[in-house]
2 protein chains.
Amino acid sequence: MAGAGAASGRRAGAFGRAVLKRAQKTDTSPRAALLPKLGEVFRTYGYEGASLTLITAATGLGKGSLYHLFPGGKQQMAAEVLTEIDQWFEREVFAPLRDSAEPHAGIAHMFRATDDYFRSGRRVCLVGVFALGAARDEFTDAVQGYFDRWREALAQALRRAGQARAEAMELSEDILAGMQGALVLARAADDHKIFSRALKRMAERVPKRVG
Amino acid sequence: MAGAGAASGRRAGAFGRAVLKRAQKTDTSPRAALLPKLGEVFRTYGYEGASLTLITAATGLGKGSLYHLFPGGKQQMAAEVLTEIDQWFEREVFAPLRDSAEPHAGIAHMFRATDDYFRSGRRVCLVGVFALGAARDEFTDAVQGYFDRWREALAQALRRAGQARAEAMELSEDILAGMQGALVLARAADDHKIFSRALKRMAERVPKRVG
DNA sequence: AATTCTTTGTACCGATCGGTACAGGCGAGG
DNA sequence: CCTCGCCTGTACCGATCGGTACAAAGAATT
């Protein structure tokens, strides 16, 4: 969809593939450094609320540079931010859930990574913000995919940890909802500890290892 | 804060008190009929996204009428919508939780009313939408108050149902978060049943009556 | 040094934003 | 019937919206 790294990839000559591949792992392009800043603006003000003025202020780049890097405008910026977030979670959360030999380790890793990402409740979920607003309809796939793949990966880990199919489905949904809701409450009350408490409860809800 | 019913109250002469009191219970003024429509616009598009154009379209009223009824503009409209929602929950949820002789009945009533209000997951929470966005800082009291009083009322009911202080606090937070999160997930996946499942889980999490 | 291509600031675009001014429509009371 | 006061449609306001055009600055290549 949104070609993150397309600009750097275009510059690649005979060694195009190798360069592109490395760029995808740790991209040092200005574009990559930009996405987190863009993400913060969207996270804080929502898609509609993130005006070009706010974006230029937050990034330090003028419209010229912005539209040179993102010819598709706001829509493209948001799309690339979403895919960057998706990649982060894929790497730090979904993959460990699916691949770790010991499922409980993957689940523990998820809770740690999630606590980090949401800054222990000081940050809200950009995908959640988009989901609640009108932007959902413009980024349906990204929004659906994020939660769905998370739930799927978690349910799979829970099954491997010994839970029955139905219980794993329910519990994974329960844990995701508990987290998202805690982020809402934490921001509403301006009290990030609400999120920490929720994370702890969710972790306790996962059946302990039997072995 | 925002004087809902102030316009009708102003008209009241010697019988001002009585008229005002009745107006608060079932207000038949055009203003009262308007607030739900306004609420739907804010709920769907967020505070910033709810443009005057959208509002006039949804209400059928021109700017002239709108600003005659709400001299304070969008800000006043949103404020009155928030107090109307607060009043609804106070009546249908918080009061039953606090006052019902049998706390389990109050809690059951809460789940029923909540399911109704959120249309079994087809509707999102306006206060949650505001909480996540920049509008939170403009309506801090209303946003904080809504969740805080809900949590407080629920915790009190749980205590009366036999739970210890700390457990009641945790569980009330857990239930609110589970609901809010389920609304986010339901809208993200466009699958309202996520909310129904969450409601059921939350209800089961409340300790059964001992007697 | 000359040339080429990328990057950037700035001026500008039409559309829309929230809000105001106000003239007339309208219905109730005299 | 006339008047008075609430209500409402419309024209208009400056500001800002997202986006475009383009010329000059910079960097890289030869």
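The values are calculated or read from the model by the stated rules, or taken from the named source; none is laboratory data. This structure is a prediction, so every number in the text was calculated from the model and none was measured. Methodologically, a virtual Cβ is constructed for each residue, glycine included, from the backbone with ideal geometry; neighbour enumeration extends over all protein chains shown. We work out accessible area using only protein heavy atoms, side chains counted, and drop any ligands, DNA or RNA first. Shrake-Rupley method; radii C 1.70, N 1.55, O 1.52, S 1.80 Å.
On the basis of being open to solvent by 10 Å² or more (accessible area, probe 1.4 Å) and either more than 11 Å from every other protein chain (Cβ to nearest Cβ) or not acidic (Asp, Glu) (or both), does B:Ser172 make the cut? So B:Ser172 fails the test.
Residues are listed down the side, and each one gets a yes or a no for (1) over 21 Å from A:Cys125 (Cβ atoms); (2) not basic (Lys, Arg):
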{"position": "B:Glu102", "(1), (2)": "yes, yes"}
{"position": "B:Gly133", "(1), (2)": "no, yes"}
{"position": "B:Asp141", "(1), (2)": "yes, yes"}
{"position": "B:Arg165", "(1), (2)": "yes, no"}
{"position": "B:Lys200", "(1), (2)": "yes, no"}
{"position": "B:Lys208", "(1), (2)": "yes, no"}
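Comparison of B:Leu66, B:Leu97 shows that the only residue that is in a helix (DSSP H, G or I), over 30 Å from B:Arg160 (Cα atoms) and either away from chain A (no Cβ under 14 Å) or away from DNA strand D (no atom under 16 Å from the Cβ) (or both) is B:Leu66.
Residues that are touching a helix residue (DSSP H, G or I) at 6+ places or on another chain (Cβ under 7 Å) and either in a loop (DSSP other than H, G, I, E, B) or surrounded by 17 or more Cβ atoms within 10 Å (Cβ to Cβ) (or both) were ranked within the stretch A:190-200; the one that is farthest from the other protein chains (Cβ to nearest Cβ) is A:His192. Looking only at the stretch B:68-84, residues that are more than 8 Å from DNA strand C (Cβ to nearest atom) and free of Cβ contacts under 8 Å to residues at least 24 places away in the same chain come to 1 in all. Pairs meeting the criteria (first residue in the stretch B:35-53 and under 16 Å from B:Arg123 (Cβ atoms) and among the hydroxyl-bearing types (Ser, Thr, Tyr), second residue outside any helix (DSSP H, G or I) and within 14 Å of DNA strand D (Cβ to nearest atom), beta carbons under 9 Å, at least 6 apart or on different chains) are B:Thr44/A:Gly133; B:Tyr45/A:Gly133; B:Tyr45/B:Ser51. Here A:Gln180 fulfils each of the conditions (1) away from every other protein chain (no Cβ under 11 Å); (2) crowded, with 24+ Cβ neighbours inside 10 Å apart from (1). Step by step: first the residues of the stretch A:102-150, then only those that are open to solvent by 10 Å² or more (accessible area, probe 1.4 Å), within 8 Å of another protein chain (Cβ to nearest Cβ) and in contact with a Phe, Trp or Tyr (Cβ under 9 Å, 6 or more places away or on another chain), then the one that is farthest from A:Ser196 (Cα to Cα). Which residue is that? By that ranking, first place goes to A:Ala134.
Restricting the stretch A:32-58 to residues that are more than 13 Å from DNA strand D (Cβ to nearest atom) and of a type outside the set (D, E, K, R) leaves a set whose member that is farthest from the other protein chains (Cβ to nearest Cβ) is A:Ala32.
A quick yes/no check of all residues on (1) under 27 Å from B:Phe130 (Cβ atoms); (2) touching a strand residue (DSSP E or B) at 6+ places or on another chain (Cβ under 8 Å); (3) assigned to a loop (DSSP other than H, G, I, E, B):
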position	(1), (2), (3)
A:Pro71	no, no, yes
A:Gln76	no, no, no
A:Glu80	no, no, no
A:Ile85	yes, no, no
A:Trp88	no, no, no
A:Glu92	no, no, no
A:Asp115	yes, no, no
A:Val129	yes, no, no
A:Ala135	yes, no, no
